[in-house]
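Report on the following structure.
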Amino acid sequence: MAIDSDGGGGAKRQRADEQADRCEVVSADAIPADRISALPDELRQRILTHLPLKDAIRTGAVARGWRGLWRCRWAHRSSVEIHLGSRDAPRRELEALTREPRPRRRLDRLSLVADTCKLKSSELRRFTEYAAECGVEDLHIEMRKRTLEGKLNFHLPLASPLLARLSLRRIGVSNMYYKGAQPFRALEVILLHSVAITFRTFRNMMSLCPSLLTLDLRGCNFEYDFFWAITWPKKLRSITFAECDGASTRLDLLPVGSMRSFRFSSSFHDTPFFLPGGAVLSDLYIRFSYSMLRVDATEFNEALPNDLSALTVLTICSNALPVASSSYDAGETAQLPKLSNLRSLRELHLLMSKMGDANLADVYMFLKTCQCHNLERLFVQLPKFVYKPMESSQTIDVAREEPPEDGLDKLMMVKIMNFNWGRAEVQLVSFLLRKARSLHKLLIVSPNVTPPDMPSVDEADLLFLKEALANGKMMLSESDDAATQPYHSEVFIEL
C-alpha cells in the first residue's frame with residue numbers, strides 16, 4: 001500500500017499561486033492589515049480543518065504564507081493510494097487500515113486501484129466503508145482487470161456526508177435506493193468510466209445528489225431510453241458523454257437549464273442529444289463517431305441551445321462542419337445556423353478526420369458562417385495518416401469555397417498538429433498567414449520538419465510558409481509542445 005500526502009489538485013494549486021502573485025503586486029498601503037495571516041501556522045492549519053478540501057486549496061490565493069498550507073492541515077497524511085497488485089492480499093491491506101484507532105483519521109482522498117482478480121465484493125465494501133469512516137472527500141475506485149467487469153459492484157456508503165468527488169472505472173454500481181436514504185449534499189463531481197449501471201440506479205443517483213455540478217460519462221453501457229424522465233440536479237453545469245455503448249437512446253437534457261458546458265463524442269444518429277433552448281454555454285465539444293450524411297441541418301440545429309453568443313470555447317469535428325454551416329428549416333421559414341453568432345468565441349479547435357480540398361472548403365465556409373471576429377486561438381488537429389485522393393478524383397476533390405476575406409483580425413496564436421504538407425494543409429497555413437493580421441506565432445507539429453518535394457502545392461502558398469519560417473512567425477517541431485494545448489485537450493483519453 002502506497003500512501004501519498006499530495007492530495008491532488010495540481011492545477012488548482014497553480015491557479016492559487018498565480019492569484020496570490022497578483023495580490024502581492026498591489027501596494028501594501030492599499031490593503032488592510034491581514035490579521036489572520038499573522039496567526040501561527042498551527043492555528044491557521046486548524047482553521048483549514050473546518051473547510052472542505054476545495055475551499056482549503058483556494059486559500060492559497062490569500063497570500064504567499066497560505067500557499068500549500070492546506071497540505072498539512074491534518075496532523076497525519078491526508079491522501080491514501082492503495083494499489084492491489086497480482087500478489088497483494090486485499091485482506092492484508094484491509095487489516096492494516098482497520099488496525100488504526102477510532103475515531104478514524106480524516107482523509108482528503110482515497111484511491112483504490114485493483115490489478116488482482118482476488119478482490120471480493122465483501123472486501124471492496126470494507127474499503128469503501130473505511131473511506132466513509134475517514135470522512136473522505138475525493139474517492140477513486142478502479143478495476144484494471146476486465147475480468148472483474150460485471151462481477152464487482154460499488155456500494156456508496158450510507159454515511160458519506162463530506163464526499164465531494166466520486167470517480168469509478170470498470171466497475172458496476174449497485175442500486176442507490178434504500179430505506180431512509182439521505183442525499184449526498186456535498187457531492188459535486190461524478191465520473192463514471194466504463195461503468196455498468198442500470199436506469200433505476202442512475203435515476204436514484206441523480207435524485208440523491210442535489211448539489212451535483214459535473215457529470216462525466218465515458219465508455220459506459222446504457223439501456224434503451226436510458227435518459228428519459230430523469231430528474232436532473234438543479235445545479236448541474238457540466239456534462240460529458242463519450243463513446244458510451246448500448247441500444248439507441250435519446251440523450252434528453254432539455255430540463256438541465258443550468259448547463260454551461262457540454263462535451264459529446266459519440267454517434268449522433270444512435271444517440272441524438274437535445275440541449276435546453278435557454279442554456280448559456282461557455283464551452284462546447286462536438287465529435288461525431290460516424291459521417292453526418294444521415295443527419296440534416298435541421299436535426300443538428302434543433303439539438304443546440306437557441307443562443308450561443310456567450311460561447312468562448314468550441315471544439316468541433318470535420319464531419320459536423322457542413323451541417324453546422326447550413327441554414328435549417330424552422331416551420332415554414334429558413335433560419336441561420338445557431339453557430340452563426342459566435343461573437344464571444346476566443347478559442348476554436350477543429351478535429352479533422354480528413355484534410356482534402358473538400359474539407360478545406362468546409363473550414364472556409366464555417367469561418368464565414370460563424371462570425372467569430374474575436375477569435376484569439378485556433379487549433380487544428382489533422383489526421384495522423386496522409387489523405388491522398390485517388391487519381392480519378394483529383395479533378396473532383398477541389399475546394400470550391402473561396403476563403404473568407406476578414407474575421408480573423410484578433411487571431412494571435414495558431415497551432416496545427418499532425419501536419420503532413422498536403423496541398424490543402426499548405427493552403428490553410430498560407431491563408432492564415434495572409435489573413436490573421438495580429439498573428440504572433442503559428443506552431444506546426446509535423447513528422448517532417450523539412451518540407452518534402454511538393455509538386456502539387458502552389459508556389460505562392462509555399463513562399464508564404466518559407467518567409468514565415470525565416471522571420472520566426474512560424475515554428476516547426478517534431479514534438480508537441482505541452483505548454484500550448486487547447487482547452488479540451490484532456491477531455492477524452494483512451495478508455
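The values are calculated or read from the model by the stated rules, or taken from the named source; none is laboratory data. If you're wondering where the values come from, they're calculated on a predicted model, not measured in any experiment. Note that we place each Cβ from the backbone using ideal geometry, even for glycine, and neighbour counts take in every protein chain shown. Note: accessible area is taken over every heavy atom of the protein model, side chains too, but ligands, DNA and RNA are not part of it. Shrake-Rupley method; radii C 1.70, N 1.55, O 1.52, S 1.80 Å.
For MET143, the conditions (1) open to solvent by less than 70 Å² (accessible area, probe 1.4 Å); (2) in contact with a helix residue (DSSP H, G or I) (Cβ under 8 Å, 6 or more places away or on another chain); (3) not basic (Lys, Arg) all hold with the exception of (2).
Among the residues of segment 407-441, those identified as in a loop (DSSP other than H, G, I, E, B) and closer than 13 Å to LEU367 by Cβ are GLY407, LEU408, ASP409, LEU411, ALA436. In segment 445-453, is there at least one residue being under 23 Å from GLU376 (Cα atoms), open to solvent by 60 Å² or more (accessible area, probe 1.4 Å) and small (Gly, Ala, Ser)? For segment 445-453, residues under 23 Å from GLU376 (Cα atoms), open to solvent by 60 Å² or more (accessible area, probe 1.4 Å) and small (Gly, Ala, Ser): absent.
Just a yes or no: is a residue in segment 163-174 open to solvent by 40 Å² or more (accessible area, probe 1.4 Å), assigned to a loop (DSSP other than H, G, I, E, B) and at pLDDT below 85? No.
Consider segment 306-352. How many of its residues are assigned to a loop (DSSP other than H, G, I, E, B) and in contact with a strand residue (DSSP E or B) (Cβ under 9 Å, 6 or more places away or on another chain)? Before the answer, list the steps.
In the first step, residues of segment 306-352 are kept if they are assigned to a loop (DSSP other than H, G, I, E, B); the result is 306-312, 325-327, 331-332, 336-337, 341-346, 352.
Of the ones still in play, those that are also in contact with a strand residue (DSSP E or B) (Cβ under 9 Å, 6 or more places away or on another chain) are 308, 311-312, 327, 336-337, 342, 345-346, 352.
Total satisfying the criteria: 10.
Among the numbered conditions (1) touching a Leu at 6+ places or on another chain (Cβ under 6 Å); (2) on the phi > 0 side of the Ramachandran plot, the only one that ALA324 does not meet is (2).
Just one of (1) at negative phi; (2) small (Gly, Ala, Ser); (3) modelled with pLDDT of 80 or more fails for GLY135. It is (1). Report every pair of residues separated by at least 6 positions or lying on different chains whose Cβ atoms are under 7 Å apart, first residue within segment 428-452 and at pLDDT below 95 and basic (Lys, Arg), second surrounded by 20 or more Cβ atoms within 10 Å (Cβ to Cβ) and not in a helix (DSSP H, G or I). Every condition considered, the pairs that remain are LYS435/LEU408. Scanning segment 296-305 for residues that are open to solvent by 10 Å² or more (accessible area, probe 1.4 Å) and in a loop (DSSP other than H, G, I, E, B) returns a single hit, ASP296.
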